Amino acid sequence: GGGLKLAAARTNRLIGTAVDDQKLSDPQYARALKADFNFVTCENCMKFDATEANQGSFSFGGGDALVAFAAQNNMTVKGHCLVWGQQLPGWIAGVGDLQKAMVDHINGVVTHYKGKVKYWDVLNEVIDDNPGSQDGMKGTVYQSRLGTGYVEAAFRAAHAADPDALLLANDYGVELMTDKSQRFYDMVSRLVKKGVPIHGVGFQSHFDGTEKLTDMATNMQRFADLGLFIMISELDVQYLKFPGSDQDKLKAQADFYKKVVSICMSQRACKAITTWGVRDSDSWLLTQIGPNEKPLLFDMKYTKKPAYSAVLDALNDQ
Ligand code: G3I
């Protein structure tokens, strides 16, 4: 078979994964990426702390390696991420002109990757988890020092640096019809109405398996109605919370993955699905939950799990 990517390409969709740039030199890891994915996002190497550890001096080693690998293998790249309240370099805390530092950072990174990185997560996790805060925005250093205007400035800076790049706001907890997704929608629709260059939204989709996905399609539709595309951008589904034996859990997890992918396939504006890592053992959730968590499509030996077949089926279904 042609793997997940052949199935996804039938409907012009991207099927992606988060990549650890330091593992690219491992032939087995590289082979796994090539077999199934046509889309890559660096898990950490394009973040602020990785690319501008010292103000004004950029380092692109990890990202360049991923971009070269992607070019050799006909993969599309999404850059992650330009503005986030985490993984910031230490110097940010003491910087005098934060707005200028943010714009210079965006300009430096996007210009370097102009023509090579097609999509950018301009914003990551800027929406507050709780209601009542200023404009529904999370209280990051950007928000508290610059106010909500930083959001528009960020998109404009990215667009100026590469007018062909497609720009996203990416967030977690925005997948279903909830108060948080309403705040996300409100921010995004404000930007669209103002003519700010935003082209898509990312639903991170870190699921614990207990979610009812019944209104995910409705939620997606309202973003599509704004003229935006949607990406499922950091998909993983926890396994441990499902009941029963290992086999039962793997089956329930597979069913859950299938539902998510089917929802994307039923929405024309949903153009990409990215899992947040390749193997269970690559997942950030192991450090959060413990070594028995198995949230992804492959086990540590690259064996395809039931979730893999479920995703493949869902991609082929339409
Ligand atoms: O590279 C260093 C290594 O040199 C050092 O020995 C080691 C000791 O702690 O740390 C390593 O860095 C870690 C890095 O991952 C690479 O493994 C950082 O401590 C750790 O904080 C970092 O975690 C990343 C996390 O973002 C940071 O917030 C995860 O890999 C990454 O999967 C996760 O990704 C985020 C998305 O960007 C945004 N959405 C949520 C998602 C999951 O948290």
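A few points about this structure:
- The trypsin sites (Lys or Arg not before Pro) found in the stretch 27-128 that occupy coil by DSSP, while having at most 14 further C-beta atoms within 10 Å, are K114.
- Phi-based couplings in Hz for the stretch 37-51 (Karplus 6.51, -1.76, 1.60; Gly and Pro marked x): 10, 10, 8, 9, 10, 6, 5, 9, 6, 10, 6, 4, 5, 7, 9
- Relative contact order (%) - the stretch 140-247, alpha-carbon pairs under 8 angstrom, separation at least six: 27
- For N44, distant residues with modelled amide H under 5 Å away: D21
- Taking only the C-alpha atoms of the chain, the Rg (one decimal) and the largest Cα-Cα distance, Dmax (whole number), read 18.8, 56 Å.
- Phi-derived couplings, Karplus 6.51 cos²θ - 1.76 cosθ + 1.60 at θ = phi - 60°, listed residue by residue for the stretch 262-274: 5, 4, 5, 5, 7, 10, 4, 7, 8, 10, 8, 10, 10 Hz, with x used for Gly and Pro.
- Dipole of the chain [Lys/Arg +1, Asp/Glu -1 at C-beta], most positive-end residue of Q204, S233, L166: L166
- Other-chain or far-sequence residues with amide H under 5 Å of Q238's (modelled H): F207, D208, G209
- Amide H to amide H, with H built 1.01 Å from N, L166 comes under 5 Å of Y119, W120, counting only residues 5 or more places away or on other chains.
- Segment T287-S57, extension gain: residue separation times 0.36 nm, minus the distance between their alpha carbons: 79.7 nm
- Rounded to 10°, Cα long-axis angle of helix 61-72 versus longest principal axis of the chain: 50
- Degrees separating the helix 149-161 axis from the principal Cα axis of the chain, which is the longest one: 80
- Of all DSSP bridge pairs formed entirely within the stretch 3-316, close to 10 percent run antiparallel.
- P(r) weight above 19 Å for the stretch 165-293, C-alpha pairs, percent: 50
- Net charge of neighbours whose Cβ lies under 14 Å from the Cβ of I230, counting Lys and Arg as +1 and Asp and Glu as -1: 0
- Residues of the stretch 303-318 falling in the label zone of A35, defined by backbone nitrogen less than 11 Å from a point 7 Å along Cα to beta-carbon, are 303-305.
- Largest first and in whole Å, the equivalent-ellipsoid semi-axes of the stretch 135-200 read 20, 16, 10, each the square root of five times a Cα gyration tensor eigenvalue.
- Share of pairwise Cα separations in the stretch 236-318, more than 22 Å, in percent: 22
- Local net charge near E152, Cβ-Cβ under 14 Å (Lys/Arg +1, Asp/Glu -1): +3
- Selection among G290, N130, C264 by position relative to the dipole of the chain gives C264 as farthest towards the positive end (Cβ unit charges, Cα centre).
- Other residues lying with their Cβ under 11 Å from the Cβ of K23 contribute a combined charge of -4, Lys and Arg counting +1, Asp and Glu -1.
- Disulfide-incompatible cysteines by the Cβ rule (no partner under 4.7 Å) in the chain: C81
- Computed [θ] at 222 nm, helices only, for the chain once each DSSP H run of length n ≥ 4 contributes -39500 (n - 2.57): -12000 deg cm²/dmol
Throughout, read-outs are computed from the coordinates displayed, never taken from laboratory work. As the structure is a computational prediction, the values presented were derived from the model and not from experiment. With ideal geometry, Cβ positions are generated from the backbone for all residues, glycine too; neighbour counts draw on all protein chains shown.
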